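Taking it in order: structure first as structure tokens, then the write-up.
The values are calculated or read from the model by the stated rules, or taken from the named source; none is laboratory data. On a predicted model such as this, the values are computed, not experimentally measured, just so you know. A quick note on method: Cβ atoms are made from the backbone with ideal geometry, for glycine too, and the neighbour counts reach across all protein chains shown.
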Amino acid sequence: MAAVDLSQTEICRALYHANPQTIRIKKERVAVRNLARVIDATLRLANRRGFAAMSMRALCREAGLSMGGLYAMIQNKDDLVGLIQSHGFMLTRQILGDFTHGITEPLARLDAAVTSHLFLTEAMRPWFYFSYMEARHLPAAHRADAVAIERETEDLFHDIIIDGIHAGQFAPVDARLTASMTKAMLQDWYLKRGKYRAQNTSVSRYGAHLRALLRAHLGVEIPDQATDR
């Protein structure tokens with residue numbers, strides 16, 4: 001995989017500049033540092049006890065901030081969800097875009113999309129788990145955002161498959177359904193880690209198997225060599 005900046009600092013800096021109406025800390029360095037602490041603490045607490053049960057006071061303790069320091073960035077849990085969702089959406093778009101940009105051959109682009117998504121979920125598993133598990137409890141606007149980013153990712157796979165069909169490289173499958181099922185199999189990796197751990201399945205092995213399944217379904221006879229565990 002190519003080198004990609006997974007820096008939380010850069011994403012938090014972008015969030016700081018995108019939310020001047022919410023984040024009232026003047027010093028960028030302090031705001032970026034505190035944002036990272038709040039996001040990490042929220043994901044830890046939400047994955048332990050659920051976002052709905054998390055109090056702002058518990059978040060302050062977990063993040064090591066005062067109530068005043070926290071309220072300088074967010075006024076309520078709705079603001080917090082907005083920042084966390086934006087953090088994940090920005091990074092997902094960036095990474096998937098970076099890894100597929102400039103790849104014109106459909107099969108190579110499909111491989112890059114599958115691989116980058118899997119390794120992105122490895123790097124950001126708490127966020128992906130939060131976004132999936134907590135989506136039904138979020139305010140309507142944030143639920144819509146979560147659905148939109150899932151559809152956006154699915155559209156990426158759909159468009160690659162359509163390109164491959166038009167180029168005569170893929171069989172004329174149902175591109176929308178195939179993209180939806182691909183997304184579901186990618187989600188299964190980070191939602192059911194215990195199952196795959198018991199099977200001694202690494203992310204590399206899972207990715208190789210998923211790419212092989214897609215090749216078979218799409219009528220591609222090129223073998224996938226990425227079978228390391």
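Odds and ends about this structure:
- Selection within the range 68-114 - more than 18 Å from the chain's Cα centre (by Cα) and β-branched (V, I, T): I74, I103, T104
- Each residue in the range 37-50 was checked for being farther than 11 Å from M73 by Cβ and under 18 Å from the mean Cα position of the chain (by Cα), and 7 of them qualify.
- When the range 92-131 is limited to residues that are modelled with pLDDT under 95 and of a type in the set (D, E), the one that is farthest from M181 (Cα to Cα) turns out to be D98.
- Of the numbered criteria (1) buried (at least 16 other Cβ atoms within 10 Å of the Cβ); (2) in a helix (DSSP H, G or I), the one I74 fails is (2).
- Which listed residue, of R61, R48, is of a type in the set (K, R), at pLDDT 90 or above and more than 30 Å from D111 (Cα to Cα): R61
- Verdict on A146 being surrounded by 11 or more Cβ atoms within 10 Å (Cβ to Cβ), touching a residue at least 40 places away in the same chain (Cβ under 8 Å) and not in a loop (DSSP other than H, G, I, E, B): yes
- At least 1 residues being polar (S, T, N, Q) and modelled with pLDDT under 95 is the threshold, and among the helices (runs of 4 or more DSSP H) wholly inside the range 170-222 those reaching it are 175-191, 203-218.
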